[in-house]
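Here's the structure we're looking at; comments come further down.
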Amino acid sequence: MLTSVVVIIVSVLAIQCYPVALGFTLKKDPAKVFGFIGILTIIHSLMLYLGFLLGSTFMHLMDGFKTIVMFLGFTLVGVRLFFDVLSIRKGERTFAITSPSQLILVGVAMGINPFLTGLLLNYMEVNIHQLISLMALVTFIVSFIGSLTNLRKVNLYLATLFATLGGIVMVFAAIYFTFFYF
């Protein structure tokens, strides 16, 4: 059960790159778009790994508050995703990215949720290398699909749906880990 929940969490976080990928247009310059997708994939996966590494350094200090930290952490990530819904609806989370430096900034900003989740994964027995591979695979696929679609209202609704479902999954994860796992 733990593996299923963690896989769903990582997959949901990887899908959150869809609004950014809507700003890529594969038809104009495919080589540049695949470079952008690669950079976004690497940054997203790296942030999960950095969160896990940092968490392995100091999360043991909060072992006595484990359930509270898990509840607050996953709830905050869920609330951040719910706030992203409002930004996507206004069109503020879609970007016309023209340079790698812009993409790196956007990738790091998007990587905050995987970073926080990586911190929290230290309280569970997980294989971080498999989760990073899953994060990279799903991010690459979703970014590729997002680059194939164009920036229309229907795709913004789809991005809103992804963020809403992500928020719901994170809140349920907070409840699950607080009341049923520990």
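The values are calculated or read from the model by the stated rules, or taken from the named source; none is laboratory data. Source: prediction; values computed, not measured. Reconstructed Cβ throughout: ideal geometry from the backbone, glycine too, with neighbour counts over all protein chains shown.
Results, tabulated for the structure shown:
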| read-out | value |
| --- | --- |
| Residue satisfying condition, being exposed (fewer than 14 other Cβ atoms within 10 Å of the Cβ) and either among the acidic types (D, E) or more than 20 Å from T41 (Cβ to Cβ) (or both), within set F180, F172 | F180 |
| Top-ranked residue of the range 1-60 - restricted to ones that are among the aromatic types (F, W, Y) and not in a loop (DSSP other than H, G, I, E, B), ranked as farthest from L76 (Cα to Cα) | F34 |
| Criterion (within 24 Å of I168 (Cα to Cα) and of a type in the set (S, T, Y)) met by exactly one of S56, S4 | S4 |
| Candidates I128, I112, I88 - the one that is in contact (Cβ under 8 Å) with a residue 40 or more places away in the chain and loosely packed, with under 14 Cβ neighbours inside 10 Å | I112 |
| Qualifying residues in the range 152-169 (those that are among the hydrophobic types (A, V, I, L, M, F, W, C) and closer than 19 Å to L76 by Cα) - the one surrounded by the most Cβ atoms within 10 Å (Cβ to Cβ) | A163 |
| Unique match (being touching a Phe, Trp or Tyr at 6+ places or on another chain (Cβ under 7 Å) and touching a residue at least 12 places away in the same chain (Cβ under 8 Å)) among L81, L121, L148 | L121 |
| Where a residue in the range 53-69 is touching a residue at least 24 places away in the same chain (Cβ under 8 Å) and its partner, wherever it lies, is part of a helix (DSSP H, G or I), with Cβ under 6 Å and at least six apart | G55/L119; G55/N122; S56/N122; M59/N122; K66/Y123; T67/T178; V69/M62 |
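Here's the yes/no breakdown for (1) modelled with pLDDT under 95; (2) surrounded by 14 or more Cβ atoms within 10 Å (Cβ to Cβ); (3) of a type in the set (V, I, T):
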residue: L2; (1), (2), (3): yes, no, no
residue: I9; (1), (2), (3): no, yes, yes
residue: L13; (1), (2), (3): no, yes, no
residue: F34; (1), (2), (3): yes, yes, no
residue: I39; (1), (2), (3): yes, yes, yes
residue: F65; (1), (2), (3): yes, no, no
residue: F71; (1), (2), (3): no, yes, no
residue: F82; (1), (2), (3): yes, yes, no
